[in-house]
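The numbers here are math on the coordinates, done by the rules we state, and not lab data. The model shown is predicted, which means the values in this text are computed figures rather than measured ones. Backbone-built Cβ (ideal geometry, glycine too); neighbour counts: all protein chains shown.
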Amino acid sequence: MQVLDNILGAVGHTPLVRLHRITAGLKPTILAKVETLNPGGSVKDRIGLKMIDDAERRGLLKPGGTIVEPTSGNTGHALAIAAALRGYRMVFVMADKQSPEKIALLRAYGAEVVVCPTAVPRDSPESYYSVAERLSREIPGAYQPNQYFNQANPQAHYETTGPELWQQTEGKIDVLVGGLGTGGTMTGSGRYLREQKPAIKLIGADPEGSLYSGDSIKPYKVEGIGEDFIPATIDLEIFDRIVRVSDRDSFLTARRMTREEGILVGGSAGTAMFAALEVAKEMDPSTLIVVILPDTGRNNMGKIYSDEWMRQNGFLERFPMQRVQDVVVSPHREIPELITVASTETVGRAIDLLQEYGISQMPVTEDGKTPTRLVGSIQERTLLDRVYRDPGLIETTVGAAMDAPFPTIKAGAHVDEAFNALLGAATALVVMQGEEPVGIITRLDLLDFMAHTRPTR
């Protein structure tokens, strides 16, 4: 019978999968190392058991002891699986930006979870690194594997991930791409592969705001990768290039992987995949690229796979397939797309037009010009003030009473661009098709559009 002694026997030997749809138009072959198929759903399963075995061998972790570890979730899950089988108490310390699903999953294994603020320096007593250090000192029999400084971390990948990639590609791998957190995955597997093939290219993928790819450290939302310090488990000299990736590109690419390739991945996999796609643009057809997909997206349902969370954080357009021109030609709109008054008309005529169409503002054009040239605007509020102060203004030309022209927006622009402009100082936008004005939209027009249009996914 083919039976594993326990679930830890299922760690590793994850498949390589050829990608087709997300790589359309690119010349190289791109394969994904699907680490989501490890028992704990991530590449960190490889180091969890390795670090515990190493600690037991060195006498640092004894029966009845406690494992204390700062984690973004996945290393905690890996340690929790091994600890549950071996009877260790578990205390994991996490930053508050981690998803609720990751915290709940750790507790499901019987672990205690301490949550700390994200937006504090690493050396702050409140940081999840500092809290883990304190707990490992205070709890009797506690041991902190510390994936950031434990050389069993990259060694696990040197012994397993690297050899698997070499065997699975029959030595044909040319480029390896992976996200950088502790750096253990890429450092360990990269060292092994470079020993076999010195010409291999090793590409790191890093969040925008992490220290690895720049000197500007700032908060970012992608979980599990990037650092504000240099761990002992990464060898930065081994990399040929590090690609900096924004949160938005990471999350949208992760969603594409799930919808186009059927592989449910987390945000850090989106970071790695985006970097791989960027690198592939520069490679020829004979190149074989492998990208490591480090974890599942199952723990991100309330975040990157929630359309509302993505919109609230500015990562997803509310109406991605809708353009400004769709608002102008909406079937629910009851007035013409564009009502204007020439600068040579009288103010009285402008007031008649406002009343006839039930509008409060309109563009002013230069009479007889082709294409139509916008020279100003008539707005009910300012016009009332001027006429009240000078009733004779009604008989003068519009050009003498007009305000500045309305801002313009291209007809092909995303509706979200119009929302952003009208939520600011603008009260109306003139829609341009090339150099010709073809419509005007106001805040009321957008409200009507929202009332009759469902956001698309």
| remark: Fraction of alpha-carbon pairs in the chain farther than 38 Å apart, rounded to whole percent, equals 41 percent
| Roughly how many whole Å is it from the C-alpha centroid of region 141-174 to that of region 217-276? | 18 Å
| request: Step through the residues of region 434-444 one at a time and calculate ³J(HN,Hα) from phi using the Karplus curve (6.51 cos²θ - 1.76 cosθ + 1.60, θ = phi - 60°), rounding each to whole Hz and writing x for Gly and Pro. | output: x, 9, 9, x, 10, x, 9, 10, 10, 4, 5
| field | Reachable aspartates and glutamates from Lys201, criterion Cα separation under 16 angstrom, eight or more residues apart if same chain | value | Asp174, Asp235, Glu237, Asp240, Glu278, Glu282, Asp284
| task | Would you mind checking the pairs Lys97/Lys218; Lys102/Lys218; Lys197/Lys281; Lys172/Lys281; Lys44/Lys221; Lys197/Lys218 and listing those with alpha carbons more than 25 angstrom apart? | result | Lys197/Lys218
| field | Top positive-direction residue, dipole computed over region 267-403 with Cβ charges, set Val387, Gln355, Ile304 | value | Ile304
| field | Ellipsoid semi-axes in whole angstrom, largest first, where each is sqrt(5λ) of the Cα gyration tensor of region 220-354 | value | 48, 18, 17
| task | Find how many whole Å separate the alpha carbon centroid of region 182-212 from the alpha carbon centroid of region 287-307. | result | 19 Å
| field | Charge dipole (debye, nearest 20) of region 324-452; +1 at Cβ of Lys and Arg, -1 at Cβ of Asp and Glu | value | 200 debye
| query | Which FRET efficiency value, to the nearest 0.05, do you get for Val17 and Glu282 by plugging their Cβ-Cβ distance into 1/(1 + (r/R0)^6) with R0 = 22 Å? | reply | 0.45
| remark: Length gained, Asp352-Ser216, 0.36 nm per residue minus C-alpha separation, equals 43.2 nm
| Taking the convex hull of the alpha carbon atoms in region 1-50, what volume per residue do you get, in Å³? | 101 Å³
| Check Thr29: other-chain or 5+ apart residues with amide H under 5 Å from its amide H, H built from backbone geometry? | Thr287, Ile289
| Charges only on Cβ, +1 for Lys and Arg, -1 for Asp and Glu: so what's the dipole of the chain about the Cα centre, in debye to the nearest 20? | 1400 debye
| task | Go through Ala428, Val415, Val328 and say which Cα lies farthest out towards the positive end of the charge dipole of region 324-452; charges sit on Cβ, +1 for Lys and Arg, -1 for Asp and Glu. | result | Ala428
| field | Among Asn146, Phe251, Thr442 the positive-end extreme of the charge dipole of the chain (Cβ point charges) | value | Asn146
| request: For Val93, enumerate residues with amide H under 5 Å from its amide H, sequence gap 5+ or separate chain, H modeled in the peptide plane. | output: Glu69, Thr71, Val114
| query | How big is the shadow of the Cα convex hull of region 45-143, averaged over all directions, in nm²? | reply | 5.9 nm²
| field | Euclidean distance between Cα centres, region 1-48 to region 366-425, Å | value | 59 Å
| said: Using C-alpha positions alone, give me the convex hull volume of region 324-452 per residue in cubic angstrom. | reply: 98 Å³
| task | Sort out the exposed loop chymotrypsin sites (Phe, Trp or Tyr not before Pro) in the chain (DSSP loop, at most 14 other Cβ within 10 Å) and tell me the longest stretch that has none. | result | 230-457
| field | Sum of -39500 (n - 2.57) over DSSP H runs of 4+, divided by residues of the chain (222 nm, nearest 500) | value | -9500 deg cm²/dmol
| remark: Taking R0 as 25 Å and r as the Cβ-Cβ distance between Thr118 and Ile139, the FRET efficiency 1/(1 + (r/R0)^6), rounded to the nearest 0.05, comes to 0.60
